[in-house]
Structure formats: structure tokens, C-alpha cells
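Peer 1: Before I ask anything, let me first share the structure, which is written out below as C-alpha cells.
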Amino acid sequence: MSTICAVSTPPGVGGIAVIRISGEGALAAAGRVFFPFDSDKRVSNMPGYTCAYGEVRDKTGRTVDDAVLTVFRAPRSYTGEDVCEISCHGGVFVTRKILRLCIDAGCTPAMAGEFTKRAFLNGKLSLTQAEAVSDMLSAEGDLALSSASLARKGRLYAGIKAISDSLIKSLGELAAWVDYPEEDIPEVDEGELLLTLKDDRAALKKLLRDYDSGMIIKNGVDTVIAGKPNVGKSTLMNLLLGYERSIVTDIAGTTRDVIEESVRLGAVTLKISDTAGIHGTDDTVEKMGVALAKNRLAECRLIIAVFDISQPLDDEDTELLEYIASLDKKTVIVLNKTDRAQAVDKSGFLKYSDKIIAISASSGEGRDELSEMIETMFTPEDYNADSTVFANERQKLCAEKALGCIEDAIAALEAGLTLDAVTVTVDRAAEHLAELTGEKASEAVVNEVFSKFCVGK
Ligand code: GDP
């Protein structure tokens, strides 16, 4: 395999930058660009886990930068190959220049995720762990980070592996019985097998249940701000975001499309969309917005329903309240414009939700109370930072397919079908799990996973 190099620190100016080289030729390449100040030291002779202080020189022998070289010897490195890391001063120009020198010294520029891909191919981490590395790089909140780092440590892998081991053990017994009927192999105890499969099913189901809460951790609480035009939805969104994002105007119905933004409230991240509101309209464009808004309401996790406290409730408001109540979701009712004379009373809303808060979106009064209310609605029982969750849809889909097969196997056993039929479905379940962890993932899947990484990782 070729020797690859890339800048592994984020682009931009920093205290230091790290250029990582990995592959058989890593030490040779590093030795062509990096020269230890200690003249007794030779890069090619440096043992693993040692550093040298020295300078990077270009081909004419001119000094480019002072740097520290760290050497990792295969297989004890991130990628499992020989790895050299040049830590230089973090200027963009210097870093690029050193990268260029490494390329001139025989390295190939690394592709996105190639270091981690090599680590996976060398058995340094499982596919689920690799995906967790990618999650850690993009984790938005503390909870997301701790969940991703648990997955990186292999907790998810261990969970799946336990189920898959159990399936394979059952398969072994089944296969022996099915394939060598003439041998004196103990008969498969169908009752026992059924119990084992039911345990496997329960374990997988739990992992899948955790997935939903995992999505909250990773992507934030899917939130919709609803309300008829001009009640102050955009203003509220801007207040939560802390800056001007959607256009606030006085003309009713201007927020036609759905805008999405993330906002952090303590440990909770909200993924908010500001919608066109739910109101009868003849305007086609607006109609589409309304349909979109209804869809979004039906699928989101948190609804922030906004009403103008300075106006009496009308049919549109009631329709929205009724619709939301019919959805039976976590809902906060925001009575906006408290800075104006009050035309409605809080008590009229109580039958729709007990989470009611009066604010002035334009002055910011009540923002903290609203944040606190929402935070308490989602922590801590709504997600458990300790639970190991699937990182993405790919993993979830594999688990769902495996679950389906286990269900089939259980049904086959209970219906008294032949053990052949049971064997086939258990085998398929095990295959899906092997695809999940990457033990049997196709090249296409592997490439897809690593394409989501950035260069240098
Ligand atoms: P949307 O159509 O629901 O998104 O409403 P906007 O956010 O565009 O607000 C409509 C109008 O109400 C704008 O003129 C806002 O400045 C005004 N507005 C929003 N919040 C408040 C508030 O708390 N107090 C007052 N007095 N006006 C507000």
C-alpha cells in the first residue's frame, strides 16, 4: 500500500499543526524532509513512541521550520502501519509547504478518511468504531461527545458482538445437526434454542430503542415553531438563536418555507425549524408551506406553539391548538408579546398543555425561563449518555434486518418448521450483524463510511 500524508489538524492558523505520514515508506519519507538537531539521531533508526526535535528542510537544504517528529512503529500506531507525525508551527503557508515536501519525498496525498480506513483494514478498529471517530469529530454537545467516545471504545461493537456470537453458537449447533444427521450429535434442544433466540431479540430491540434517544444526542431535538402569521415565530427563533437568521417582517405569511437551525440550551441541542404556520389559505405557495408545516409537526419531537397574547384567540389559533393536542407530543405554548396589553388569559390554554410560558420575543423577556422549561423536558431520562447507540441509519438498518430475521426464526420454531428453515434465517441475521460491524461489509459500504471523513483523519 502507498505511503500517504495529510495535514491532520484543522485548516487555519493554530499554535501547532501536525502533518501525518503513514505507510511502509513513512520513516524514509520523513527522513528526507526532517533532520534531527541531535546529529547522532537518524529518523530511520528511531524506535516507536519516540520524538526528535529538529528542522524541516527543503530540497535545497534551506530550513523551512523547526519541528518535532514523533515516530510510531507498525503495528503500534493509529493506522497499524509505520506512522510519522511532524508537529510544526501552525501557519497555513508553512504547513502546506511541509506537506508539499512530504509529497515530493514520495508520499501520496491521503484521501478523506484514509488513515482511519487503514486502521479499520488493519483491524485496529471496527467499522462502528470508525464511524464513532467520525461522530466525535462532529459532535455538537457534551452528551453527543460522550456517547461517540463510548462507541469508539467499542461498546456498541461489544453489544452487537455478544448477540452475533450467540447467533453463531446457535448456528453451530444447528449446522452440526442438519449437516451430519448420521453422526452421534446431541439433538438440538428446540426449547433452549427458542429461549436463546428470544434473548437475542430482546438485546437487539434494546439497542434499537436506544437509537432514537441517540439521535437526540447526535442531532438535537427535532423542534418545530408553529403559529399563525405575525405571532412572532421568526422573532422567537432569532431570540433563541441569538442572531438574525430568518427575515422578520410585518406582512402576514412571509415565512413561507421551512428554515432549520441548531440552538444549544444547556445540555440540550434543539434543531429548530421555523414554519409557515398552520392556517387556511388560498395562496398556492403558502398552501405548500402549510402542508409542509403539518407534516413537520407530525414528525417532530418538540412543538413550540406561539400565540399573540395581545390578540384574542381566533379560529386559526384554536385549530392549531386542537391539531397539536391531537398529536400528543411534547409541546410548549408560548404566549408572546407580553410587552403589549393582554387580550387573552393563560387559563384558556391549560387544557392543551401544562407547559405555558409568557414571553416577549422582541425584548427577550422570558427567554431564560423558556430555555429552562425546555431543558427540563429533555434531561436526563430522555437520553442516557451511557447507552450505546447506533451512529447512523446504516447501522440501524442492519440491526433492523437482523431483528427481522430473528423474528422469522422464532416464528419458524414456534410453527414447528424444519430446522433447515430456522438455520437459514439465523444465518441471515448473523450476516446482517457482520455487515453492521464491518466484519463482512462490502467494499462499497466501507468506502461509503470513510468518504464521510475529512482529509487527515
Ligand atoms: P411570524 O410571522 O410569526 O414569524 O412573526 P414575526 O416574528 O415576523 O413577527 C411579526 C411582528 O410582530 C413583527 O413586527 C415583530 O417585530 C413583532 N413582534 C414579535 N415579537 C414581539 C413581541 O414580543 N412584542 C411586540 N410588541 N412585537 C413583537
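The values are calculated or read from the model by the stated rules, or taken from the named source; none is laboratory data. Remember, it's a predicted structure, so these values are computed and weren't measured experimentally. Cβ: placed from backbone, ideal geometry, glycine included. Neighbour counts: every protein chain shown. Only protein heavy atoms, including side chains, enter the accessible area calculation; ligands, DNA and RNA are left aside. Shrake-Rupley method; radii C 1.70, N 1.55, O 1.52, S 1.80 Å.
Peer 1: Pull up segment 343-377, narrow it to residues that are in contact with a strand residue (DSSP E or B) (Cβ under 8 Å, 6 or more places away or on another chain) and under 18 Å from Tyr323 (Cβ atoms), then point me to the one that is farthest from the ligand (Cβ to nearest atom).
Peer 2: The selected residue is Leu350.
Peer 1: Applying the selection to segment 114-128, what residues are polar (S, T, N, Q) and open to solvent by 50 Å² or more (accessible area, probe 1.4 Å)?
Peer 2: Passing the criteria: only Asn122.
Peer 1: Can you work out which of the residues in segment 220-263 that are modelled with pLDDT under 75 and in a strand (DSSP E or B) is nearest to the ligand (Cβ to nearest atom)?
Peer 2: Only one residue tops the list, namely Ile259.
Peer 1: A further question follows. Looking at segment 3-44, which of its residues are in contact with a Leu (Cβ under 7 Å, 6 or more places away or on another chain), within 12 Å of Val68 (Cβ to Cβ) and not in a helix (DSSP H, G or I)?
Peer 2: Passing the criteria: Ile19, Phe34.
Peer 1: Just give me the residues in segment 5-51 being small (Gly, Ala, Ser) and over 21 Å from Thr108 (Cα atoms), in sequence order.
Peer 2: Once the filter is applied, which keeps residues that are small (Gly, Ala, Ser) and over 21 Å from Thr108 (Cα atoms), segment 5-51 yields Gly12, Gly14, Gly15, Ser39, Gly48.
Peer 1: Same structure again: For segment 362-383, check the following and say yes or no: at least one residue is open to solvent by less than 20 Å² (accessible area, probe 1.4 Å) and modelled with pLDDT of 90 or more.
Peer 2: Yes: one or more hits.
Peer 1: With the condition kept exactly as written, say whether any residue in segment 362-373 is over 21 Å from Glu319 (Cβ atoms), in contact (Cβ under 8 Å) with a residue 60 or more places away in the chain and in contact with a Lys or Arg (Cβ under 7 Å, 6 or more places away or on another chain).
Peer 2: There is no residue in segment 362-373 that is over 21 Å from Glu319 (Cβ atoms), in contact (Cβ under 8 Å) with a residue 60 or more places away in the chain and in contact with a Lys or Arg (Cβ under 7 Å, 6 or more places away or on another chain).
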